[in-house]
Amino acid sequence: MNNKIRRHIIFYGRVQGVGFRYYSVNKARQLGLTGWVKNLYDGSVEMEVQGEEFKIDELIMFMEKRQYVHIENFDAKSIPLEEEYDFYEK
């Protein structure tokens, strides 16, 4: 049974220059998630992440607890699954 989902998320707050992408890549790989993360020009961070919903939630909770990261808000929506095998920084 495949209960994978894929989410497109934009994180707002103090999310650039604080290790956000580094930590998210390492934690996503540890959790067996796939997708990507990248900085946007407006200071936010964009992510597509795919895997089991509870693992995606675990990744977001992990990021909220990083010392210098301050997520003020994020917008998430479900998008179609993609065929991929890693989580990386764009």
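The values are calculated or read from the model by the stated rules, or taken from the named source; none is laboratory data. Computed from a prediction, not measured in an experiment: that's the story for all the values here. Here Cβ is always computed from backbone atoms with ideal geometry, including for glycine, and neighbour counts include all displayed protein chains. Heads up: the accessible areas ignore ligands, DNA and RNA and are worked out on the full protein's heavy atoms, side chains in. Shrake-Rupley method; radii C 1.70, N 1.55, O 1.52, S 1.80 Å.
Side notes on the structure shown:
- When residues of the stretch 33-45 are limited to those that are assigned to a loop (DSSP other than H, G, I, E, B) and out of contact with any Lys or Arg (no Cβ under 7 Å at 6 or more places or on another chain), the one surrounded by the fewest Cβ atoms within 10 Å (Cβ to Cβ): 41
- Counted residues, the stretch 16-60 - those being hydrophobic (A, V, I, L, M, F, W, C) and closer than 18 Å to residue 85 by Cα: 10
- Among the residues of the stretch 46-90, those that are among the aliphatic types (A, V, I, L, M), more than 15 Å from residue 21 (Cβ to Cβ) and in a helix (DSSP H, G or I) comprise 56, 61.
This table checks each residue for (1) aromatic (Phe, Trp, Tyr); (2) in contact with a strand residue (DSSP E or B) (Cβ under 8 Å, 6 or more places away or on another chain); (3) within 19 Å of residue 90 (Cα to Cα).
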| position | (1), (2), (3) |
| --- | --- |
| 6 | no, yes, yes |
| 10 | no, yes, yes |
| 26 | no, no, yes |
| 33 | no, yes, yes |
| 39 | no, yes, yes |
| 48 | no, yes, yes |
| 65 | no, no, no |
| 68 | yes, yes, no |
| 80 | no, yes, no |
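Yes/no per residue for (1) hydroxyl-bearing (Ser, Thr, Tyr); (2) open to solvent by less than 80 Å² (accessible area, probe 1.4 Å); (3) over 12 Å from the mean Cα position of the chain (by Cα); (4) at pLDDT 95 or above:
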{"site": "26", "(1), (2), (3), (4)": "no, yes, no, yes"}
{"site": "47", "(1), (2), (3), (4)": "no, yes, no, yes"}
{"site": "61", "(1), (2), (3), (4)": "no, no, no, yes"}
{"site": "78", "(1), (2), (3), (4)": "yes, no, yes, yes"}
